[in-house]
1. Before we move on, is Val153 surrounded by fewer than 19 Cβ atoms within 10 Å (Cβ to Cβ) and hydrophobic (A, V, I, L, M, F, W, C)?
2. Can we say Leu92 is in a helix (DSSP H, G or I), under 27 Å from Arg176 (Cα atoms) and either among the hydrophobic types (A, V, I, L, M, F, W, C) or touching a Phe, Trp or Tyr at 6+ places or on another chain (Cβ under 6 Å) (or both)?
3. Would you check if Glu107 is in a helix (DSSP H, G or I), over 19 Å from Ala187 (Cβ atoms), of a type in the set (Asp, Glu) and not assigned by TED's automatic domain parsing to the domain that holds Glu17?
4. One residue is enough: does segment 75-95 have a residue meeting the conditions in contact with a helix residue (DSSP H, G or I) (Cβ under 6 Å, 6 or more places away or on another chain) and among the hydroxyl-bearing types (Ser, Thr, Tyr)?
5. Please tell me if Val99 is at pLDDT 95 or above, out of contact with any His (no Cβ under 7 Å at 6 or more places or on another chain), among the hydrophobic types (A, V, I, L, M, F, W, C) and surrounded by fewer than 19 Cβ atoms within 10 Å (Cβ to Cβ).
6. So, Pro80, is that one touching a Phe, Trp or Tyr at 6+ places or on another chain (Cβ under 8 Å), assigned to a loop (DSSP other than H, G, I, E, B) and not aromatic (Phe, Trp, Tyr) or not?
7. Do you know which of the residues in segment 155-180 that are at pLDDT below 95 and charged (D, E, K, R) is nearest to Arg45 (Cα to Cα)?
8. Assess whether Glu195 counts as being of a type outside the set (A, V, I, L, M), outside the structural domain of Leu36 (by TED's automatic domain parsing), more than 26 Å from Ala19 (Cα to Cα) and part of a strand (DSSP E or B).
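The values are calculated or read from the model by the stated rules, or taken from the named source; none is laboratory data. Small disclaimer: the values here were computed from a predicted structure and weren't measured. Note that each Cβ is placed from the backbone with ideal geometry, even for glycine, and that neighbours are counted across all protein chains shown.
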Amino acid sequence: MSGVDPAGLIGAGSAEEAADFAARAMRFSPEALVRLRPSGDGTGRLWTVLPFRVLACRTVATAHDDDVTVRAADLLRSGPPSRHDGSWRTTLPTSDGEVLETLPGAEVVRLDRAAGETLRSRRGQGVGDRRLRDALLDHVAVTVVGDETKHEVPLRLIVGLLRMGLHDAAAPVSVRLAGRRIGLTGAKGSVWGLEAGLRVL
């Protein structure tokens, strides 16, 4: 496990955004990993896997030219982060995909709030909180049609987009399709479902 030179890993103009991304990932798991994948144009994408089978992504400035995985906690420290490339097991989307539909930002927030209210109202009614939460995450929040095919957007994508701070209520959200993956893109980043059969490690 070698160290990573912190100089140029995250550009100064994106330090705050990267720190926010890492901190939010750590709220779900203190051991969360963040993968930086450079784009070759002075920017790169930070990726993390949320524990409810969602990939979150945010673009940052970087002078780094190497695909590297570090712990989210290390992005919040001043010292050089250690590499954990071998611990990353999740396949990333191969492209940004095509836009199937655009949703009003306020509607996305409404769907998230409605789910939260449902969870609170049903607690203590004989259904375990975790079981209820998982059922809500699997709930189809939006159905869109592309190439005469129906594509379902599960609530877990909306929850991931909002909890990772990638959405602005005043901005629209695009529903995207990349291969067989459905994703959402907000004002500050995107979220994607995991490929079938992949485990969250």
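1. no
2. no
3. On the way: in a helix (DSSP H, G or I): yes; over 19 Å from Ala187 (Cβ atoms): no; of a type in the set (Asp, Glu): yes; not assigned by TED's automatic domain parsing to the domain that holds Glu17: yes.
So Glu107 does not fit the description; no.
4. No, segment 75-95 contains no residue that is in contact with a helix residue (DSSP H, G or I) (Cβ under 6 Å, 6 or more places away or on another chain) and among the hydroxyl-bearing types (Ser, Thr, Tyr).
5. Judged against the criteria, Val99 is a match.
6. no
7. Ranking the candidates gives Asp168 first.
8. no
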